[in-house]
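Values in this text are rule-based calculations from the coordinates and carry no lab data. In this text, all values refer to a predicted model and were calculated from it rather than measured experimentally. Here the Cβ is made from the backbone with ideal geometry for all residues, glycine too, and neighbour counts use every protein chain on show.
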């Protein structure tokens, strides 16, 4: 059975809740490895994680598109970029990925209400790491 | 005036070095400064060699790792410096003494125990030499002022003094080219143009030029 | 083209300054926070000496008349354009007609707006910096006013959003507190004209930056600092950072638009590597001076240069990665 994007996200949620460290699935033509540990979360296989799209529970995920350390707030600010319950526009900055002295923005793929900030500030993230879960308001189409 | 009896060399952070010559505030000493400036401006790592009143500031391109070589070169350069006779132009500057701009005329006269007329005559009598430029664009420090009209600089500098003001600070006199803060005492003003960035040499006067103040008017 | 819509306080066009005109009495001018100006230019791939706008007071509004890449560095400001917030030390792309609004400046004292290619005013005596005293350079030698149109050099391709770590994070110094900035200084020629007790007073005081502080100089308030005997010096050259003590005993730090010479006694000079910290210290804030040897001052400059080198390399890498994708 082909592994769907929705399956990966649900697997990630299950792993997170259960505290299981790693899971590897291999099927002809595709493979998936999810590794989770406290403080460092690695990306899911890029080919499967690349496209944004609504999950089975109708949320969209803002993802990192570069590897580095996730910052929930700018170092000069106490307040994080976003908080649960906050409305944000498509394209708004929801966090930063710090690579050396660079701060790359993580942007909201759709207008909506912030559900949760999934990634931990300071955590190592990679291309496709889920950062913020957003409940889209459906007025504008998600940007990939 | 506080002057050293031997050359003094001190740092201005990592941006520049200041060389202060001993001796009187007079033309022979200033000519040796001009000579030292001409020499020092050719040294590597020196951006500009800027004469002051019997002193010289050397600004750095990049600050030298160690300073001993430069300090030695300055001391040797001073010992070897012979007065540089710069032939200059003679400028006549018409001055209105007193009035709104020359508002310290009376207080300087009082401080020196002179009448306003005597102060004006003493100030306008010499043929002054431009010792140096500095302070602000086109400003000239003049040498040759009579020590009888010395007045120490202000306790607190004034935030705004008018352009063209003719002032006394300590035993020096000068003319400002534009309005701005000043610790000197304005005794008059002139309308002459001292600076224009579009001129080939932006400043009208240069070290070695001479200035004669002409008493156009005295407002008591 | 940029059109200035509203200004509070003396905003001006500045590059890194004019450095070889002292012999005409022309001081450096240039950005009070040279590190921030350089960082903004690095973010945009400009020559580091490209001219930008120094903005010392808010609110400030301008309109981009063409698509323009821009950066905001220096002070921490609340800024937005086309409905989106601009984080600190950030570059972004403006579309023709977009209005940039900088509402407030909760942190720092000067914000720098740089644009792709730089502000294209004429160079005067080797620099685009505004010379207020001489009324030349920048835009007609004066502060910016509503209605002013600033030409921008032709900009390059559209850039992507990106931020960099602010200088005061990378170059953070121990023992700095919220409203007190510690500034390293090298003692100057007249230091020994003050006695031991007065030295101690100078080093341990938390000097208040009075409202009379500006690009000419920072006038400080604190205990009276008097020499053993009154000093009146012959006029001599000074540079930005020189701390003079007039007879009233209250220090003045000469800054970018200061006179190029003076005769008040000098107790110390702010090191070149910390001038930007003074430039970002707010009116009403405090300064404390830390005695520094020449060699250590050079080391501090090397540290500052290293930060800018890293920024340059990092930003260039981003462009290369983008080109490959």
Computed [θ] at 222 nm, helices only, for chain B once each DSSP H run of length n ≥ 4 contributes -39500 (n - 2.57): -6000 deg cm²/dmol
Relative contact order for chain B, counting Cα pairs under 8 Å that sit 6 or more residues apart, in percent: 21 percent
Full-extension gain in nm, residue C:317 to residue C:158, via 0.36 nm per residue minus C-alpha separation: 55.6 nm
Contact order normalised by residue count of region B:5-78, Cα under 8 Å, 6+ apart, percent: 30 percent
In nm, spacing of pseudo-spin labels at residue C:290 and residue A:121 (7 Å Cα→C-beta vector): 2.6 nm
Order by protection proxy (mean Cβ within 10 Å, highest first), peptides A:91-101, A:120-130, C:195-205: A:91-101, A:120-130, C:195-205
Peptides B:191-203, C:259-271 ordered by average Cβ neighbours within 10 Å, highest first: C:259-271, B:191-203
Residue B:191-residue B:146 FRET efficiency (beta carbon distance; Förster radius 30 Å; 0.05 resolution): 0.75
Nearest 10 degrees, 0 to 90: helix B:27-40 Cα axis against chain B principal axis: 40 degrees
Nitroxide proxy distance, nm - points 7 Å out along Cα→Cβ at residue A:76 and residue B:26: 5.9 nm
Within 10 Å of each Cβ in B:134-144, the average number of Cβ atoms from other chains: 6
Label point at residue B:217 placed 7 Å out along Cα→Cβ; residues across region B:162-202 whose backbone nitrogen lies under 13 Å: B:189-191
For B:15-23, mean number of other protein chain Cβ atoms within 10 Å: 4
Fraction of antiparallel bridges per DSSP, the protein assembly as shown only, in percent to nearest 5: 90 percent
Normalised contact order of chain C, rounded percent, pairs of Cα under 8 Å and 6 or more residues apart: 19 percent
Label-to-label distance, nm, for residues given as residue C:101 and residue C:78 (7 Å Cα→Cβ offset): 1.1 nm
Theoretical ellipticity at 222 nm over chain C - DSSP helices of four or more residues, -39500 (n - 2.57) apiece, nearest 500: -5500 deg cm²/dmol
